[in-house]
Amino acid sequence: MTMPERKRLHPATILMAAGKFGKDFLFGIVAVIGATMFGKGGDRSEWIFLVLGGAIGVFAIIPAIFKYLNFTYEITNDSLNIWSGLFFKQNRTIPLERIQNVTVKKGVIQNLLGVCSVMIETASGAGAEADLSVVTHAEADRLVQILRRDSSIPAEESPSAAFTAGLKDLIMAGATQNKAGIIFIFVVGLFQYVQEPAIDFFTKRVLKNAEHWVASTSAYLIVGGLLLFGFLFVGWLWSIVTTVIAYYGFRLEPSAGVLRIRRGLFTQLQTAVPLHRIQTVRMHEPILQRMMGYCVLFADSAASFEDKQAGGAIQLIPMIRKSNAGDLTSLIFPALNLADVEWQKVSPLTVRRGFIRYCFTSLVLSGMLLPLVHAKALFALPPLLIISWFAAKKRYEVLGYATKDGFLLSRSGIWKRYISALPVDRVQWTARTQDFFQTRLNLANVSAVPASSTMAGRVEIVDLPLEIASQIQESLLRDAGDAAGV
Amino acid sequence: MDFDIAPTPAPAPFVKPVIDEGRAQQLDPKIKRVWQYGSLIGWGITLLIAGPFELLILRKGADWNIYFPIFTPIVCISFALLGWWIADKQYRAWTYALTSHELVLSHGVVWRSRRCVARGKVQHIDINSGPLDRRFGLVNVSIYVAGALGSVGSIPGLTPGRAEELRTAILVGRDDHA
């Protein structure tokens, strides 16, 4: 019997840590340079900030060096052993049969250096139990072969029917969503560095030019409208670009009780998710996709690396025809049938609650216009109140729940529709909550929570009459049984 | 030299502790003091940290004739007193019950919550205590289920003996329900 070999990570680990720090710090560097070039001369405090940041960066690399020097691992016949830490030493042993998922991640820089990350998950909900960043490709292949062979992940069988997404599908998927919010946050973040020049430019150039053509109030509205359109347009383009980059070459294959997913243009991701670990399936329908008969499918499992995905769940497919979604959900939960669901309604009092909430939002929006257009902001209130009423009514029509074929289903969302399906036997615990106003109206929310590490995996039904909420809560745990649920 | 060594007595048969199954139990009344002093200490620390900030930062742009930085002290003292006052209501609202199938935790004054955890799903239970809890001889019991980050519920204000009884009752009872 050959003795297991204790190995270190690749020396590129130090370089990758330095690169990560630089990437995080890059925004600040660009902002300060921009402020200096386009502003009224950089404030000395900003250059001090840069120098301090650089010093911190040097110190940030030191832990990476220590990690490289103190991190070793070995694979024995039945376990993966990891030693790490300098002052707080840790020795972690992961039995191979406990391993649920092995993911290999290759970024652009990592590919150039010939290295990649191998992340190992068990059923625990606390993220990766072992993160081997970085090792060579050959070492990653060896690890994957050994770990998947001896773990609870079945061997890859010959490919069966796969779900793929071509470039056209990805562009469509990106085009039917909009990440304007991210653009907005980026601009707000940049604004603090370029405040004065930006305000000067906007008031002295843009508005002055606009006021040559139209009256002052209209100038504000037109420029504001163009800015809003600009945000939305850039957000739309950004959505297309990021979707194509993240899902290029997308392939989802069911194989021996496991879903194997491959995707990514620059950062290539290969992951295998055991079907029995999936707790909840969710269907998202952004409004444009819904109009064209498409949707996005997510699955929430007990542990996931993909914290960048929506709610921490695994995005099963970027876009799929709703009529074909049943083929994919039936792979995970054969008994689940999302067609012909008889949705039960929540309390009609939710219309009043929704209306009051949206009115409050309308008041806040009108208040934000006050500094710009003063008393004329009040003219925005009536249309906003009318929209609030119709939005509240629409929300009530959409809100619903159902128990069907051993599943608890919920539906919500006006703009973007959400449908969640949770097998009742996977419910770990339930909660019934009431806020101050719900207590007075005798209403309650009910949540059913599976063995999931994220909030997104839970199914919540809001504004139920208290008696019905209590009945649902009691029946859920009674029907859930006492299985471990993972 | 011979010693008469008494035979080792047979171990007593294990008797599952009784936790008044099904009946809603209240916390130990001393938990009110823990919450009250906790509120004072927490907001006191916040005042010590945030107060000087208000003095130093806001002072830059403020006219001392009109504005004196008392906002932070007012907020901190108000919330500390609110925490003191609401402790009694919190205590009366907090109950736990162990039924044949589940552990039920009910609490909350303004936001009410009733959380049910199936006994068979409990993976492990922690008993922990902070310095204030120890000062009053109390502990917290935290319940963990599969897959969740952190505990799904925590019962404060139990005596150590009561906490052990509850833990044993749930974990032993869990095997009965597995």
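Neighbour counting of Cβ atoms within 10 Å sorts the residues A:Asp435, A:Asp463, fewest neighbours leading, into A:Asp435, A:Asp463. Using label points projected 7 Å from each Cα along Cα→Cβ, tell me how many nm separate A:Leu288 and A:Leu363, to one decimal. The two pseudo-label positions are separated by 3.5 nm.
The stretch between A:Asn81 and A:Lys416, if pulled fully straight at 0.36 nm per residue, gains 116.1 nm over its current Cα-Cα span. Put simply, the amide H of A:Leu316, placed in the peptide plane, has neighbours under 5 Å in A:Leu297, A:Phe298, A:Ala299, leaving out anything fewer than 5 places away on its chain.
Across segment A:132-145, rounded Karplus estimates of 3J(HN,Hα) from the backbone phi angles (6.51 cos²θ - 1.76 cosθ + 1.60, θ = phi - 60°) give 9, 10, 10, 10, 6, 4, 5, 5, 4, 4, 5, 4, 4, 4 Hz, Gly and Pro being marked x.
Under the rule a/c < 1.5 gives rounded, and otherwise a/b versus b/c splits prolate from oblate, where does segment A:394-486 land using the Cα gyration tensor? The shape class here is oblate. Within segment B:94-134, the ratio Rg/Rh, alpha carbon atoms throughout and Rh by Kirkwood, equals 1.06. Measuring between their Cα centroids, segment B:125-165 and segment A:212-291 lie 43 Å from each other. Were the residues from A:Glu467 through A:Leu228 laid out at 0.36 nm apart, the gain over their Cα-Cα distance would be 81.5 nm.
Cross-link pairs exceeding 27 Å between alpha carbons, from the set A:Lys376/A:Lys416; A:Lys7/A:Lys89; A:Lys322/A:Lys393; A:Lys106/A:Lys168: A:Lys376/A:Lys416.
So who's got an amide H within less than 5 Å of the one on A:Leu408, skipping anything under 5 residues away but keeping other chains? H placed 1.01 Å off N, in plane. It is A:Leu422, A:Val424, by chain and number.
Treating r as the C-beta distance of B:Ser78 and A:Ser475 and R0 as 35 Å, the FRET efficiency rounds to 0.20. Taking other Cβ atoms within 10 Å as a rough exposure proxy, B:His107, A:His137 sort from fewest to most as A:His137, B:His107.
Enumerate the residues in segment B:75-114 having an amide nitrogen under 16 Å from the point lying 7 Å beyond the Cα of B:Arg23 toward its Cβ. Flagged as within label range: B:95-100.
Since every read-out is calculated from the coordinates, none of them should be taken as a lab result. Treat the numbers as computed from the prediction; the structure is a model and nothing was measured. Using ideal geometry, Cβ is built from the backbone for each residue, glycine included, and neighbour counts are taken over all protein chains shown.
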